[in-house]
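Working notes for the structure below.
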Amino acid sequence: MIKLDQFLKYLGIAPTGGQAKLMINDGNVQVNGAIETRRGRKLVSEDQVTVAGKTFKVGDIIQE
């Protein structure tokens with residue numbers, strides 16, 4: 001399990017936690033097709049995160 005803001009940092013999409021927070025608060029991030037504004041949202045391997053027109057499956061990126 002990983003938090004949404006940490007996932008964005010792990011991907012390199014947001015270089016800092018502050019930038020991840022802004023991206024999420026501005027509605028630029030979707031989880032499973034819905035806009036997500038909670039940076040602490042806990043992601044599981046089945047979740048799909050879409051940002052900047054690209055979709056990432058959490059389980060393909062993070063090996064638990």
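Structure data summary
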{"read-out": "Rg [Å, one decimal], Dmax [Å, integer] - the stretch 2-61, C-alpha atoms", "value": "9.8, 26"}
{"read-out": "Centroid-to-centroid separation of the stretch 25-64 and the stretch 1-17 [C-alpha atoms, Å]", "value": "10"}
{"read-out": "Length added when fully stretched, residue 10-residue 45, from 0.36 nm per residue minus Cα-Cα", "value": "11.1 nm"}
{"read-out": "Estimated inter-spin distance, residue 60 and residue 28, nm [label 7 Å along Cα→Cβ]", "value": "2.2"}
{"read-out": "Amide proton proximity set for residue 43, modelled H, under 5 Å, gap of 5+", "value": "2, 3, 4"}
{"read-out": "Hz values of 3J(HN,Hα) by residue in the stretch 24-39 - Karplus curve (6.51, -1.76, 1.60), Gly and Pro given as x", "value": "5, 5, 7, x, 8, 10, 10, 10, 6, x, 10, 4, 10, 10, 9, 5"}
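We did not get these values from a lab; they are worked out from the coordinates using the rules stated. Note that the structure is a prediction, hence the values are computed from the model and not measured. Neighbour counts run over all protein chains shown; Cβ positions are idealised from the backbone, glycine included.
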